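The next block holds one structure in the form of structure tokens; read it before the comments.
The values are calculated or read from the model by the stated rules, or taken from the named source; none is laboratory data. Quick caveat, the model's predicted, so the values are computed rather than measured. Here the Cβ positions follow ideal geometry from the backbone for every residue, glycine too, while neighbour counts run over all protein chains shown. What goes into the accessible areas is simple: the full protein's heavy atoms, side chains included, and nothing from ligands, DNA or RNA. Shrake-Rupley method; radii C 1.70, N 1.55, O 1.52, S 1.80 Å.
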Amino acid sequence: MDRRTSKERYYLDIADAVSGRSTCLRRRYGAIIVRNDEIISTGYNGAPRGRKNCCELGRCTREELRIPSGERYELCRSVHAEANAIISAARRDTLGGTLYLSGREAKTGELLTDTTSCAMCRRMIINAGIERVVARVGKDDYTVTPVADWIREDDSLPVSV
């Protein structure tokens, strides 16, 4: 009987470890891109290189303005974990790959149960040629989303009335 950790949980655990580098005061995310059972790149959410991050500043503009999660990303100092993982890889290496994503509340360290990519990251994931996204939504739970679903269910189109 094989008692090893499943590959999905293995890669999600690595993405969770990557999230420990996050500099966000609200939520910490880690992402890794895997293709052919090889880690291609990693990324966590934080300010662009050379800029002060929220941990250094000791403040979060979105939190101060009480902006709900998932809204007004343009006010955030951070580059998202998925975007940083994509930026750190060549497209030829991400084609057909899987992105693993894990998130935690920054203040409590609790795993997030609503982990998913935002609309902008979904667009980057599509263009990077990534085939599926595996997102941790609890200690032992995760979702698997075929990126083709995001292409077919185009969230950038207006809703028909």
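Key figures
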| quantity | calculated |
| --- | --- |
| Net charge, Thr61 excluded, C-beta distance under 12 Å - Lys, Arg +1, Asp, Glu -1 | +3 |
| For the stretch 130-137, 3J(HN,Hα) per residue [Karplus equation, 6.51 cos²θ - 1.76 cosθ + 1.60, θ = phi - 60°, Hz, x = Gly/Pro] | 5, 8, 8, 10, 10, 10, 6, 10 |
| Most mobile listed residue (Leu101, Leu112, Leu12) in the chain, GNM with C-alpha springs under 10 Å | Leu112 |
| Derived scalar couplings ³J(HN,Hα) [the stretch 114-129; Karplus, 6.51 cos²θ - 1.76 cosθ + 1.60; whole Hz; x for Gly, Pro] | 10, 4, 7, 7, 6, 4, 5, 5, 4, 5, 5, 4, 4, 5, 6, x |
| Counting DSSP beta bridges with both ends in the stretch 48-159, the antiparallel % (nearest 5) | 60 |
| Nearest-10 value in Å² for the accessible area of Cys76, using the 1.4 Å probe | 40 |
| Calculated FRET value between Arg92 and Lys52, using beta carbons and R₀ = 35 Å, to 0.05 | 0.55 |
| Per residue accessible area in Å² of the chain, where ligands, DNA and RNA are left out and the probe is 1.4 Å | 61 |
| Under 5 Å, built H, 5+ apart or other chain: amide partners of Ser41 | Ile33 |
| Apportionment of accessible area to carbon and sulfur, the chain, percent (1.4 Å) | 48 |
| Burial ranking of peptide ranges 39-45, 51-57 (average Cβ count within 10 Å, highest at the top) | 39-45, 51-57 |
| Whichever lysines have a C-alpha closer than 24 Å to that of Lys107, once near sequence neighbours (fewer than 8 apart) are set aside | Lys52, Lys139 |
